[in-house]
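Structure, as structure tokens:
The values are calculated or read from the model by the stated rules, or taken from the named source; none is laboratory data. Note that this is a predicted model, so its numbers are computed, not measured. Every residue, glycine among them, receives a Cβ derived from its backbone with ideal geometry; neighbour counts consider all protein chains shown. To get the accessible areas, we keep the full protein, side chains included, count just its heavy atoms, and leave off ligands, DNA and RNA. Shrake-Rupley method; radii C 1.70, N 1.55, O 1.52, S 1.80 Å.
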Amino acid sequence: MRLYLLAHNPTDSVTEGFLPAAVRLGLDVTVLTDHAEQHRRAYAGTEFAPEVVECEVRDFREVVGLISRHHTPDAVFSNSDHLQTQTALAAEYFGLPAKDWKAALRAKNKGELRRHLTAAGLDTVRSVELDPGQDPALLREADLSFPLVLKPREGVASEDVSLVADIAELEQRCKEIQHRRPGAALVVEEFLDGQLCTLETLGDGRTRHVLGGLRTRLSPPPYFIEEMLEFVPAHPAAVVEQVLAQLDAIGVGLGACHTEFVVQPDGRARIIEVNYRAIGDQCDLMLAEILGIPLFEHILAVHLGRELPADLGERCAATPRRARNEPVCADRAGTLTAAPGPYDEECDGVRLAYRPLRALGEQHEHYHTNRDYLGVIWAVGTDQAAVDTSVARFIAANRWEITP
């Protein structure tokens, strides 16, 4: 059986998760990508080394044409934020299990997401869009109440997302982003205050299962860097019900979905964004360990048309394991001159893993986003205090140095 996997740059989710899972499922894999050499280097010497083919994956017509000339597909899949709509259209073209391409588009386009939830009568978040090249001064005419959140309409990983206090700051930030990303549309929206959480779901086209969630600690304003995530086996039922109702309205069903939302003091759950793919930054690998399930195999299996275990959600909610995911962030621009390498240990009932995300000798700006991550530590055990202590001990025992 042939799996086509669409990707941009290599990621841990694919390299450590989906490709090994594909081998275990007995699948032959063709990676379609616009960064072919990066993928070939990433998989060199691995037991799963897939076929890598250069393709303009942002264009679903190119994807369909290439697959038509290549091996017969049994599944078309992607875990990329940027490629869900293209993947859904290609899978549908070949009559394979596919996400609803309209749901994928609504999830990716943050302006369309807001309009759709408003039209469904589920939540209204005041928002305004600024098209590429539009003068930010036009925002002076909009009905805006500060503080506001400014973000790229189709952005990821907190890039260019910031809290703005007044119209002068808003105009300045818009101009800065337009200079860096001239083709990007921007969204300005109401700031949704409250505890940031995630809900992780997986559907097989018949049933959608809740796998659990996370509580997230963010950096101080004006930026929104995820500094720590703590596993929650089950959010309050009323909160989950609200989030699932909004996912229903968007059309999220088949496949993995990572939804970020805040819970406000009155118990209202309000969606920040919907990422119609599995959670990343090592959290998916951590989640598989927490839940004790073949998570990546399950995700690929639903794209092959297979049903998930009927009791999957109940088993996940009953897990005794707790976890913590904590990135190490750069606090300045410069060259990484000291950092630990990959590390794994099991000690006192806690499994800990560290994976570097930036190589020694690399020089970077200070982005004020998740791109500042130097590496990610995650730990899993049955006692939260022991898990937290294990992560703190690893951080204290190692050093990360950046030379300006």
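Within the stretch 191-243, being closer than 24 Å to Pro309 by Cα and surrounded by fewer than 16 Cβ atoms within 10 Å (Cβ to Cβ) holds for Arg206, Thr207, Ala234, Pro236, Ala237, Glu241. A single entry from Glu112, Glu62, Glu92 fulfils the requirement of being under 19 Å from Gly255 (Cα atoms), open to solvent by 20 Å² or more (accessible area, probe 1.4 Å), at pLDDT 95 or above and not in a loop (DSSP other than H, G, I, E, B): Glu92. Between Asp372, Asp388, the distinction of being under 22 Å from the mean Cα position of the chain (by Cα), within 25 Å of Pro221 (Cα to Cα) and in contact (Cβ under 8 Å) with a residue 24 or more places away in the chain belongs to Asp372 only. In the stretch 392-404, which residues are in contact with a Leu (Cβ under 7 Å, 6 or more places away or on another chain) and part of a helix (DSSP H, G or I)? Selection gives Phe394 alone. Selection over the stretch 276-292 of residues that are under 20 Å from the mean Cα position of the chain (by Cα) and over 21 Å from Pro10 (Cβ atoms) gives a count of 3. As a summary of the residue check, Arg321 satisfies the conditions (1) surrounded by 17 or more Cβ atoms within 10 Å (Cβ to Cβ); (2) basic (Lys, Arg); (3) closer than 28 Å to Leu163 by Cβ except for the one numbered (3). Take the conditions (1) at pLDDT 95 or above; (2) touching a helix residue (DSSP H, G or I) at 6+ places or on another chain (Cβ under 7 Å); Ala49 misses just one of them, which is (1). When the stretch 145-180 is limited to residues that are outside any helix (DSSP H, G or I), among the acidic types (Asp, Glu) and touching a helix residue (DSSP H, G or I) at 6+ places or on another chain (Cβ under 6 Å), the one that is surrounded by the most Cβ atoms within 10 Å (Cβ to Cβ) turns out to be Asp160.
Residue pairs whose Cβ atoms lie under 9 Å apart, sitting 6 or more positions apart in sequence or on different chains, and linking a residue in the stretch 1-25 that is in a helix (DSSP H, G or I) and open to solvent by less than 40 Å² (accessible area, probe 1.4 Å) to a partner that is modelled with pLDDT of 95 or more and among the charged types (D, E, K, R), are Ser13/Arg277; Ser13/Asp284; Gly17/Asp284; Ala21/Glu297; Ala22/Asp28; Ala22/Glu297. Pairs are defined by a Cβ separation below 8 Å, a sequence spacing of at least 6 or placement on different chains, a first member in the stretch 272-284 that is among the β-branched types (Val, Ile, Thr), and a second member that is assigned to a helix (DSSP H, G or I); the pairs so defined are Val274/Arg106; Val274/Ala107; Val274/Leu113; Val274/Leu247; Val274/Ile250; Ile279/Leu287.
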